[in-house]
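These notes are about the structure you will find just below.
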Amino acid sequence: MKSLTFKELHLSRNIEKAIENMGFEEPTPIQSQSIPYIMEGRDVIGQAQTGTGKTAAFGIPALEMVNSKSKKTQVLVLCPTRELANQVAEELNKLGKYMGTKILPVYGGQNIQRQIKVLKKGVQIVIGTPGRILDHIERRTLNLNNVEMVVLDEADEMLDMGFREDIESILSSVPEERQTILFSATMPKPIMKLTKKYQQNPQHVKTIHKVVTVPNMEQSYFEMKHHMKPDVLCRMIDIYDVKSSLVFCNTKKMVDELVTTLKNRGYLADGLHGDMKQNQREKVMSSFRNGEIETLVATDVAARGIDVENIEVVFNFDTPQDEESYVHRIGRTGRAGRQGVAFTFVTAKEAYKIKNIQKYTRTNIKCKKIPTRSDAEEIKANMIATKVKETIDAGHLGKYVHWVEQMVDEDCTSIDIAAGLVKIMLAEGR
Ligand code: ADP
Ligand code: MG
């Protein structure tokens, strides 16, 4: 199935603006495939792994369908945990920034009187954990008579946590004339039972994993806090003396921010993303090709048009959303006869993504310690060793062997000579 652009989803200008602000360049597969059905009013079962953008997949259509003139609760989202309810509310607030939609997360553990106060003022989209929602229904502090859309987010998790009965009683207190959307990473039997009972002729949208193969190359990942990423990137460029690298970010916004940071620190960097005009992009590309730019920062979309050889390192500054994009990204490195290198930066929040990538690409991505400046010498010595081995393998050393033999005659060992050469090379690299 062809994936759609945000333009092709025909969203309202306000949502488009918010999406631009968030820096999303194109819909993820689950968004591209489920949003059209949800906007048509169909019941939908959406199945995709964690981190693939399911929140916006239901959030965008939910915001689009809310009647801004009515203060009544029109959308109810059920989530398994307080943390998720907050995350969903946050994402929906960003998406609804220009619409003024009233959104409230409600969950146990938060003062119920406060929730009641806000609910009384009128909340158009309520996002809650099943227990607390039921509590409000029983107290009659949440009126669901005007709900037109119910979303079960992370449905499998909710069932695992024992919320089945709560969910069923909530679903029976919302009008039957409604749209029911269910998102889940897995579809075990109890979920299928739930959809049979509460959904009408649902459209099942599933983004399947293709097992993709990765080129044979050195791949490692580094765990760090998000704010450390620019520093670590600069350090690695310095230590490995990288002259040509491609740095991937997940959003246009991140590309712009990172390019500014790198330029401010004196790196020869520039960015590429889908908003740029063709001639601008070509200018950046040709500067990258001829070495005026050493570090090219790009989104996945922008990088599709890149045809540059001799990229030494691909940095995944943001861990990619899925394994396919990982493979596309790292496939860009490698130069004639030599392996490329791929380094992926991973925050605690992104850790599950690297697991998925390893699983579906069937490769082992090594977790490595972030190199410190004092590791630099050892890393460089290793790089020299690799180069020396490659040179030996390539042969044609006769003339040089002759010179070394002469030195050995003059009273030094071949080990002394090699050590001296490494020392000279390290000093020159500084
Ligand atoms: P899921 O619910 O599938 O686990 P989320 O909805 O929490 O995934 O999204 C994961 C991350 O991806 C969030 O930070 C979100 O802002 C981001 N995201 C969502 N859609 C896009 C997109 N189209 N482009 C880039 N990032 C996106
Ligand atoms: Mg989610």
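The values are calculated or read from the model by the stated rules, or taken from the named source; none is laboratory data. Source: prediction; values computed, not measured. So basically every Cβ, Gly included, is an ideal-geometry build from the backbone, and we count neighbours across all protein chains shown. Only protein heavy atoms, including side chains, enter the accessible area calculation; ligands, DNA and RNA are left aside. Shrake-Rupley method; radii C 1.70, N 1.55, O 1.52, S 1.80 Å.
Worth pointing out:
- Rolling a 1.4 Å probe over the protein heavy atoms leaves GLU20 with an accessible area of roughly 90 Å².
- FRET efficiency for the pair ARG289 and LYS206, taken as 1/(1 + (r/R0)^6) with r the Cβ-Cβ distance and R0 = 35 Å, rounds to 0.30.
- Degrees, to the nearest 10: 398-409 long Cα axis against longest axis of the chain: 60 degrees
- Extending 7 Å from the Cα toward the beta-carbon at both MET383 and ARG139 defines two label points whose distance is 6.2 nm.
- Estimated purely from DSSP H runs of n ≥ 4, each contributing -39500 (n - 2.57), the mean residue ellipticity at 222 nm for the chain is -14000 deg cm²/dmol once divided by its residues.
- Dipole magnitude (debye, nearest 20) for segment 141-183, charges at Cβ of Lys, Arg, Asp, Glu: 200 debye
- Loop-resident sites, segment 1-102, for trypsin sites (Lys or Arg not before Pro), counting at most 11 other Cβ within 10 Å (DSSP): LYS2, LYS69
- Candidates ILE239, ILE103, ILE379: whichever shows maximal mean-square fluctuation once the chain is modelled as a Gaussian network with Cα springs under 10 Å: ILE379
- Distance between the pseudo-spin-label points of ALA185 and LEU421 (7 Å out from Cα toward the beta carbon): 5.1 nm.
- Label-to-label distance for ASN67 and TRP403 is 8.6 nm, based on points extended 7 Å past Cα in the beta-carbon direction.
- With respect to the chain, whose longest principal axis is taken over its alpha-carbon atoms, helix 376-394 is tilted by about 60°.
- The residues of the chain present an accessible area of 53 Å² per residue when probed at 1.4 Å with all protein chains retained.
- Sparsely packed loop sites in segment 255-344 (the trypsin sites (Lys or Arg not before Pro) outside DSSP H, G, I, E and B with at most 16 other Cβ atoms within 10 Å) comprise ARG265, LYS277, ARG304.
- Counting protein heavy atoms only, the chain has 50 percent of its accessible area on carbon and sulfur, 1.4 angstrom probe.
- Extension gain for SER169-HIS226 works out to 16.4 nm (0.36 nm per residue, less the C-alpha to C-alpha distance).
- Long-range amide H partners of GLU218 with built H, under 5 Å: GLY340, ALA342
- Of all beta bridges that DSSP places with both ends in the chain, some 5 percent have antiparallel geometry.
- Of LEU268, VAL388, THR207, farthest towards positive along the dipole that unit charges on Lys, Arg, Asp, Glu beta carbons give the chain: THR207
- Shape class of segment 144-287 from the Cα gyration tensor (axes a ≥ b ≥ c, square roots of the eigenvalues): prolate, since a/c reaches 1.5 or more and a/b is larger than b/c.
- With all projection directions averaged, the alpha carbon convex hull of the chain covers 25.2 nm².
- Computed from Cα atoms, the angle from the helix 252-264 axis to the main principal axis of the chain rounds to 40 degrees.
- Remark: the LYS277-LYS7 segment gains 95.5 nm on full extension, using 0.36 nm per residue and subtracting the alpha carbon distance.
- For the pair segment 269-340 / segment 367-430, the C-alpha centres are spaced 31 Å from each other.
- Ranking HIS328, HIS209, HIS396, HIS273 from most to least accessible surface, computed with a 1.4 Å probe over the protein chains only, gives HIS396, HIS328, HIS209, HIS273.
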